1. Of the residues GLU126, GLU153, which is more than 25 Å from ALA68 (Cα to Cα), assigned by TED's automatic domain parsing to the domain that holds ARG24 and in contact with a helix residue (DSSP H, G or I) (Cβ under 7 Å, 6 or more places away or on another chain)?
2. Do we have GLU153 as under 30 Å from ILE101 (Cα atoms), touching a residue at least 60 places away in the same chain (Cβ under 8 Å) and in contact with a Lys or Arg (Cβ under 8 Å, 6 or more places away or on another chain) here?
3. Free of Cβ contacts under 8 Å to residues at least 12 places away in the same chain and out of contact with any Asp or Glu (no Cβ under 9 Å at 6 or more places or on another chain): is that true of GLU93 in this structure?
4. Working only within the range 1-43, note down all residues that are closer than 15 Å to PHE76 by Cα, touching a residue at least 60 places away in the same chain (Cβ under 8 Å) and charged (D, E, K, R).
5. If you check ALA162 against the conditions, is it surrounded by fewer than 18 Cβ atoms within 10 Å (Cβ to Cβ), in the same structural domain as ALA71 (by TED's automatic domain parsing) and either farther than 22 Å from VAL4 by Cβ or in contact (Cβ under 8 Å) with a residue 24 or more places away in the chain (or both)?
6. Please state which one of GLN67, GLN20, GLN10, GLN26 is buried (at least 17 other Cβ atoms within 10 Å of the Cβ), assigned by TED's automatic domain parsing to the domain that holds LEU130 and more than 18 Å from PHE159 (Cα to Cα).
7. Give the residue that is surrounded by the fewest Cβ atoms within 10 Å (Cβ to Cβ), with candidates limited to residues of the range 112-134 that are among the aliphatic types (A, V, I, L, M) and more than 14 Å from THR39 (Cβ to Cβ).
8. Exposed (fewer than 11 other Cβ atoms within 10 Å of the Cβ) and either at pLDDT 95 or above or more than 27 Å from TYR69 (Cα to Cα) (or both), is that true of ASN140?
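The values are calculated or read from the model by the stated rules, or taken from the named source; none is laboratory data. Given the structure is predicted, the values throughout are model-derived calculations rather than measurements. Don't worry about glycine lacking a Cβ; one is built from the backbone with ideal geometry, like all the others, and counts go over all protein chains shown.
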Amino acid sequence: MNQVIETLLQHRSIRRFTDQSLDREQVETIVKSAQAASTSSFIQAYSIIGVTDQEKKDKLAELAGNQAYVAANGHFFVFCADLHRHKIVGDLESADVEDSIESTEKFMVALIDAALAAQNSAIAAESMGLGICYIGGIRNDLEAVKEVLKTPEHVIPLFGMAVGYPDQETDLKPRLPLEHIYMENEYQQDQSLFKKQLQDYNKTTSEYYEERTGGKRADTWTGQMAKMLGRKSRLYMKEFVENQKLNKK
């Protein structure tokens, strides 16, 4: 096993950091690593906003559900789906690109490009001994986030990433079994097998939480998911995306 794979397999979310900031070289290395990710048709439909202003970080922490580690970290990145520059491309080249930019296909391309770039950033940061935590909570109120970050039309802040020097030890959280995730040639649709795999995984996650909390929690994965999916959350998203002139066609 090589060092890259070891880094990947040791990933865990860090939610407490020291007060040491990342230096400029570290930030630029993380961003350059993001830019090295694959991008559909060379479209590069994403942008990364580094938030260093403490007032802005504090506001984003509040909007994300009062998550302290959004405000207190070595550097906070926000990854955006971004087709704004492509509208400018149309202007520069006197080309009608609006229908394409507003299509579901290009919206999906922008989401995928941003996610690939972000994961490259995460791996780069962890390879340098830093910790990371993805922050989906900024989508709680994207209108407010948009105001904080001054993002224009055709841009959507998708998620944040807190990066810094870890100030805690965390355990590896067990993932779904490989045979439940990886299928060959076609989708596995044996429901009895599907349910057995999930029940086996429930035992694993329950034991993990019980050990981690000294018996205070024994959550199952399916129980967590049912509770989370049963809550109505961020139902404004379709309207917000369309108001940004994306995913309309």
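1. GLU153
2. yes
3. Taking the combined requirement at face value, the residue satisfies it.
4. The answer is ARG15, ARG16.
5. For ALA162, the condition - surrounded by fewer than 18 Cβ atoms within 10 Å (Cβ to Cβ), in the same structural domain as ALA71 (by TED's automatic domain parsing) and either farther than 22 Å from VAL4 by Cβ or in contact (Cβ under 8 Å) with a residue 24 or more places away in the chain (or both) - is not met.
6. GLN26
7. That would be MET128.
8. Here the answer is no, as ASN140 does not meet what is asked.
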